[in-house]
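The values are calculated or read from the model by the stated rules, or taken from the named source; none is laboratory data. As the structure is a prediction and not an experimental result, all values here were calculated from the model. Using ideal geometry, Cβ is built from the backbone for each residue, glycine included, and neighbour counts are taken over all protein chains shown.
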Amino acid sequence: MLLNILNKDNLLKFGEYKFLAVKESKKCMLDSNIEDHRLLNYEFDKAFIHVGEDNYMEYLITLDDDFTNIIGAIEYHTEISEISNDEIIFIDFIYIDKRYSDNEYEIKVLQELKNMLNKQIEINCYYNSKIKKICEKIGREVYTKYML
């Protein structure tokens with residue numbers, strides 16, 4: 001389900017999905033009457049800012065185990081939690097193509113990541129975002145720091 005970025009085509013696909021994730025966040029931000037200049041001034045080339053950094057991991061998300069049907073992307077890094085003081089996985093973004101997002105693939109990906117790395121997951125999201133609703137379905141599997 002998680003595919004390493006192996007070539008330029010994969011990298012561009014990752015960038016497209018990250019750009020779409022930022023676009024969704026920007027809509028939630030504007031709907032909440034909040035101004036975050038990082039989102040307002042976001043351009044496509046910024047999608048690659050953490051690619052290659054030691055602490056950051058980027059994956060494409062596939063529909064199946066043969067890795068042919070790419071349906072999204074995720075980026076995360078490890079850090080010390082402000083909540084638990086433990087080393088955690090911090091999700092920078094997760095995006096699933098709208099054609100598949102009703103099937104709760106985000107939940108499957110987050111659970112796979114948690115099982116694979118055996119660490120708690122945290123994520124920032126806007127109170128009115130889709131990812132917030134997904135985190136609520138997971139319950140205690142993911143700690144959510146809401147951005148209001």
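Residue-by-condition table, conditions (1) within 13 Å of D97 (Cα to Cα); (2) surrounded by 16 or more Cβ atoms within 10 Å (Cβ to Cβ); (3) charged (D, E, K, R):
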residue	(1), (2), (3)
A21	yes, yes, no
M29	no, yes, no
S32	no, no, no
I49	no, no, no
Y56	no, no, no
From the options F14, F44, F19, residue that is modelled with pLDDT of 85 or more and in contact with a Phe, Trp or Tyr (Cβ under 6 Å, 6 or more places away or on another chain): F19
Verdict on I61 being surrounded by fewer than 14 Cβ atoms within 10 Å (Cβ to Cβ) and modelled with pLDDT of 90 or more: no
Flag for A73 being without any contact (Cβ under 8 Å) to a residue 60 or more places away in the chain, crowded, with 17+ Cβ neighbours inside 10 Å and either within 22 Å of E104 (Cβ to Cβ) or in contact with a helix residue (DSSP H, G or I) (Cβ under 8 Å, 6 or more places away or on another chain) (or both): no
